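Notes to accompany the following structure.
Readers should treat all values here as calculations from the given coordinates under stated rules, not as data from a laboratory. Not measured: the values here are computed from a predicted model. Counting neighbours? That spans all protein chains shown, and the Cβs are built from the backbone with ideal geometry, glycine included.
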Amino acid sequence: MWSPLVRELAGGDYEKAIAISRWPIREALMGYLLHLQRAALDHYRMEFLAWASMAPHSTTKIEPPALPEILKR
């Protein structure tokens, strides 16, 4: 049940996965939340850069991408 979470946090590093599997549940979940926030921020930045490069050249108004809910905390 926790394998995908541990695998994601470890980034494919077996030694790190063993260490993470010993973490308290709260720490693992907080680490996973941080991982999700970083991924959402990376995705948002990419969308924002795409918007910023297209908006000045568009004949119609293009709305900037919305900030993901996970980043509004």
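Taken over segment 6-30, residues that are surrounded by 16 or more Cβ atoms within 10 Å (Cβ to Cβ) and closer than 22 Å to R73 by Cα amount to 2. Taking segment 31-59 as the range and being surrounded by fewer than 11 Cβ atoms within 10 Å (Cβ to Cβ) and more than 22 Å from L71 (Cα to Cα) as the test, the residues that pass are S53, M54, P56, H57, S58, T59. Note on segment 60-73: residues that are surrounded by 10 or more Cβ atoms within 10 Å (Cβ to Cβ) and either of a type outside the set (A, V, I, L, M) or within 16 Å of R7 (Cα to Cα) (or both) total 3.
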